[in-house]
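I have placed the structure first, in the form of structure tokens, so that the comments after it can refer back to it.
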Amino acid sequence: MTLRTAFAVLLASAAATPVAAEPVVITAARLVDVLAGKEIVNAQVVIDGDRIMSVGQQGDAVPAGARRIDLGNRTMLPGLIDMHVHLSSDPTISGYRTYEFTDNFWTVVGVANAKKTLEAGFTTVRNVGSANFDDVALKQGIEHGYVPGPRIVPATYALGVTGGHCDTTELPPSVSVPSPQIANSPQEFRAAVRKMRKYGAEVIKVCMTGGVLSKTDSVGGQQLTYDEIRAVVEEAHMLGMRVAVHAHGAEGINTALRAGVDTIEHASLADATSFQLAKEHGAWFSMDVYDDDYILAEGTSNGVFAESLAKEKAIGLKQRQTFRAAHLAGVKMVFGTDGGVYPNGDNGKQFATMVTWGMTPIEAIQAATRNAAEALGRAGDVGAIAAGRYADIIAVDGDPLADVHVLEHVRFVMKGGKVEKAAQ
């Protein structure tokens, strides 16, 4: 080996060896311990690389030479988790307006929305439906450092039946639209699950009933049979994935719960049987109780179909009443906003709605942290400021347990030990 070759090998070896990050110590007036359901005053968190080393109080021992970040009178919380977003959607471009743009336009929309969502304090999201595998592209771009954004658990396409909520129903028969998400038998749904997994899905999303923003179907009408949704559940669980089900009507909700799904999205017309089945099967409700305000206020100007606005007027209040009843019944709840139906980045506005309709501030925060991490199967990594978990930490002015509205204005964001939004 020549001297030049040896030097080149040495340089390559040095470049491949990661430089150890210096420990970081973060201090703040308060820290919300979502596992214990209480606050720690004069809190201190020690971070080593992308993980939390210890959680305690100011004055506890820290590593020599650690870099310090003092957040002053602010409150630290775990990075928030939104279990129901569509990052590659823009609610101001609704209805037939969406056909004015090329397919890849929506990936660009997703890049912008990923940054907004992260800066709003949401360091992990579950993207439950996007065309063209946009959510997988976003995940790859974020993980390789090309663009900023939260950790993404992608569903890729949301699966559904011909003419259902996940199908394209607003065009005439002469216009053909690629539909890799459509299936019409248990075997076809099994094949669809395998295809979505092949191309990057980490959770399977299914449209079990009609919906609000689809033009032609009944909002609560069931669209899959028991055998079809059971096939999805069996296939997904065999492949190590969980199943999220879009369902508004009680019949569809209850059929999905009996089939063993993991989360019910929306759950607008769930009944007492739904609550009992959810508790028996350990399923979670993810209820987007904020965006009714946005849809009814801005839908017409955004181009939302008149049929969709009529459905939202019929179902919005009922969903909030169901949210209250489900919470009182002891159903497990996670935080899911349907970001993309309202502007991504405004996710934090839902906390106040959840409190208005029955939760305490700590319960609403736990829905977006501890509960969501458990429902994702990732409680060892995210969802709490605890030793061994990712250093996903946010900070807000004041005390969110006294005024949950402060979560609408996140002042500091760290994801995996990297400051993504510095405190001002």
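Does GLY141 meet the test of being over 20 Å from ASN302 (Cβ atoms), out of contact with any strand residue (DSSP E or B) (no Cβ under 8 Å at 6 or more places or on another chain), surrounded by fewer than 20 Cβ atoms within 10 Å (Cβ to Cβ) and in contact (Cβ under 8 Å) with a residue 24 or more places away in the chain?
Yes; evaluated as a whole, the condition is true for this residue.
Rundown of residues vs (1) assigned to a loop (DSSP other than H, G, I, E, B); (2) touching a Pro at 6+ places or on another chain (Cβ under 9 Å); (3) of a type in the set (Gly, Ala, Ser); (4) surrounded by 18 or more Cβ atoms within 10 Å (Cβ to Cβ), yes/no style:
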| residue | (1), (2), (3), (4) |
| --- | --- |
| GLY345 | yes, no, yes, yes |
| THR353 | no, no, no, yes |
| ALA373 | no, yes, yes, yes |
| GLY380 | yes, no, yes, no |
| ALA387 | yes, no, yes, no |
| ALA395 | no, no, yes, yes |
| PRO400 | yes, yes, no, yes |
| HIS405 | no, no, no, no |
| VAL413 | no, no, no, yes |
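Where residues in the range 69-119 are open to solvent by 60 Å² or more (accessible area, probe 1.4 Å) and assigned to a loop (DSSP other than H, G, I, E, B), which of them is nearest to ASP346 (Cα to Cα)?
THR92
Can you confirm whether VAL341 is buried (at least 18 other Cβ atoms within 10 Å of the Cβ), closer than 19 Å to LEU71 by Cα and of a type in the set (A, V, I, L, M, F, W, C)?
no
In the range 276-294, what residues are within 17 Å of GLY220 (Cβ to Cβ), open to solvent by 10 Å² or more (accessible area, probe 1.4 Å) and modelled with pLDDT of 95 or more?
LEU277, ASP288
Inspect all residues belonging to the range 240-255 and state whether any of them is farther than 16 Å from ARG324 by Cα and basic (Lys, Arg).
yes
The conditions are (1) out of contact with any Lys or Arg (no Cβ under 7 Å at 6 or more places or on another chain); (2) polar (S, T, N, Q); (3) surrounded by fewer than 24 Cβ atoms within 10 Å (Cβ to Cβ), and THR156 fails exactly one of them. Which is it?
Only one criterion is unmet by THR156, namely (3).
Could you grab me the full set of residues in the range 182-198 that are among the small types (Gly, Ala, Ser) and touching a residue at least 12 places away in the same chain (Cβ under 8 Å)?
ALA183, SER185, ALA192
What number goes with the only condition from (1) farther than 16 Å from GLY95 by Cα; (2) over 18 Å from the mean Cα position of the chain (by Cα) that PHE335 does not pass?
(2)
Of all residues in the range 201-253 being among the hydroxyl-bearing types (Ser, Thr, Tyr) and at pLDDT 95 or above, which is least open to solvent (accessible area, probe 1.4 Å)?
THR209
Check GLY129, GLY149, GLY163 and return the single one that is surrounded by fewer than 20 Cβ atoms within 10 Å (Cβ to Cβ), in contact (Cβ under 8 Å) with a residue 24 or more places away in the chain and among the small types (Gly, Ala, Ser).
GLY163
The values are calculated or read from the model by the stated rules, or taken from the named source; none is laboratory data. Small disclaimer: the values here were computed from a predicted structure and weren't measured. Cβ sites come from the backbone with ideal geometry, for glycine too, and all protein chains shown count toward neighbours. SASA here: full protein model, heavy atoms, side chains in, ligands and nucleic acids out. Shrake-Rupley method; radii C 1.70, N 1.55, O 1.52, S 1.80 Å.
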